[in-house]
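Undergrad: Just dropping this structure here.
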Amino acid sequence: MRSIAFIDSYRQIIASPSISAFEEHLDMSNRPLIDLLATWLGDFGFDITIQHVPHARNKYNMLAKLGSGEGGLLLAGHSDTVPFDAGRWQHDPFKLTEKDNKLYGLGTCDMKGFFAFVLEALQGLPLDKLKKPIYVLATADEETSMAGARFFSEQQLIRPDMALIGEPTELKPIYKHKGHMAHSIEIQGQAGHSSDPARGVNAIEIMYKAIGELLTLKDKLASRYQDNAFSVPEVTLNLGHIHGGDGENRICGHCKLNFDLRAIPALADHEAIRLIDEALAPVGKAYPGRLSRSLMYDTVPAFGCREEAQILDLAKELTGFDPASANYSTEAPFISALGCDTLILGPGSIKQAHQPDEYVSLEYINPTVNALRGFIQRVCLNG
């Protein structure tokens with residue numbers, strides 16, 4: 001049964017806008033929400049650390065710690081949401097709406113609403129008897145650059161035994177996921193009149209050769225790197241966007257292609273980039289100075305659970321679900337770099353993420369709170 005405090009905290013979380021966007025006019029600071037979470041966790045006796053995230057627009061991480069000693073449990077989530085299309089919402093995105101056994105609002109599912117579940121799970125536990133510490137981490141900018149998780153990982157402030165990231169997984173433990181990287185290839189040609197091709201260099205024709213090499217690489221990656229734990233077992237490479245030229249009667253002087261690659265844990269990011277550059281090298285050699293490749297943004301590595309502290313068995317015991325994999329990316333590789341066993345585990349469905357009238361079902365309240373309490377009991381109270 002949900003408590004009044006649970007709904008009230010959920011309402012205040014949703015009412016605190018924290019949109020992350022590459023476009024500056026849409027981007028918002030998450031500081032009001034961070035301060036709200038810090039106040040609530042401070043009331044439980046947590047020690048609070050708030051840090052400004054470098055290379056971000058007025059964004060902050062919050063780390064809350066209760067208890068002392070080594071190891072412990074980290075409950076982590078991102079404090080930001082994606083932007084929204086007001087014309088497609090039937091409910092106010094910043095007002096928690098309860099209807100048809102669901103809670104509607106921006107972030108109810110993905111995923112700042114998770115912190116309301118954490119607060120509810122802390123209620124009634126003998127927190128004065130902890131044998132290992134509890135940590136709660138709220139990060140910034142997950143929906144864009146993952147700057148908050150990257151910064152926190154670099155600092156290595158804590159080393160818990162286990163970490164749970166409360167992304168919407170239908171409360172099914174996700175123990176591995178694919179990575180994501182996006183690249184741009186630019187071809188610099190020489191524009192000219194189409195009636196005399198020899199007086200120009202057609203960038204589209206060079207890009208055609210580059211695409212051929214990428215498609216050959218795509219097949220090689222798909223056959224060489226496979227992991228049957230994923231519903232799409234192979235590494236994927238997708239040609240996503242291309243633009244070149246400005247008229248059918250002009251030689252194309254410039255062409256740009258954006259593509260992405262989703263790796264499995266067996267393929268490290270640096271190796272994937274090396275293979276891309278190796279595939280494109282013959283085209284670059286044939287047309288000196290005309291081909292360049294760059295990352296569109298920092299990569300997100302593939303993730304695989306360490307499984308050093310029996311976290312998979314514990315998660316199955318507490319949720320009733322077998323561990324599974326996901327084709328999307330999360331902050332897990334950065335949290336895992338703290339040296340802890342890490343799982344993605346939270347209420348709601350990824351199908352609701354980034355959707356108009358985002359919601360989480362009230363049916364997740366009790367099983368989520370019970371699972372979180374179970375992890376706290378086993379890791380921090382029993383030690």
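Every number in this text was worked out from the coordinates using simple rules, so none of it is lab data. This is a predicted model, so every value here is computed, not measured. Quick reminder, even Gly has a Cβ in these numbers, built from the backbone with ideal geometry, and neighbours come from all protein chains shown.
Undergrad: I need the per residue convex hull volume for the range 181-295, using only the alpha carbons, in cubic angstrom as a whole number.
TA: 95
Undergrad: For LYS316, give me every one of the aspartates and glutamates with a C-alpha distance below 20 angstrom, ignoring sequence neighbours fewer than eight places off in its own chain.
TA: Those aspartates and glutamates meeting the cut-off are ASP161, GLU167, GLU170, GLU307, GLU308, ASP341, GLU363.
Undergrad: Nearest 5 is fine: what % of DSSP beta bridges in the chain come out antiparallel, could you say?
TA: 70
Undergrad: Can you tell me the dipole magnitude for the chain around its Cα centre, using point charges on the Cβ only (Lys, Arg +1; Asp, Glu -1), in Debye to the nearest 20?
TA: 320
Undergrad: How do 268-275, 373-380, 330-337, 319-326 rank on mean C-beta neighbours within 10 Å, highest first?
TA: 330-337, 373-380, 319-326, 268-275
Undergrad: Can you tell me the order of 137-145, 124-132, 109-117 when each peptide is scored by its average per-residue count of other Cβ atoms within 10 angstrom, highest first?
TA: By packing density, highest mean first, the sequence is 109-117, 137-145, 124-132.
Undergrad: Please list the helices of the chain that count as membrane-span-like by this rule: a mean Kyte-Doolittle hydropathy of at least -1.0 together with Cα atoms stretching 24 Å or more along the helix axis, each helix being a complete DSSP H run.
TA: Correct list, ordered by number: 203-224, 269-286.
Undergrad: Per residue, what volume in Å³ does the convex hull of the Cα atoms of the chain enclose?
TA: Spread over its residues, the Cα hull of the chain gives 149 Å³ apiece.
Undergrad: Between the range 287-329 and the range 186-250, what's the alpha-carbon centroid distance in Å?
TA: 27
Undergrad: Which of LYS176/LYS351; LYS129/LYS172; LYS132/LYS172; LYS178/LYS209 have a Cα-Cα distance over 23 Å?
TA: Over 23 Å Cα-Cα: LYS129/LYS172; LYS132/LYS172; LYS178/LYS209.
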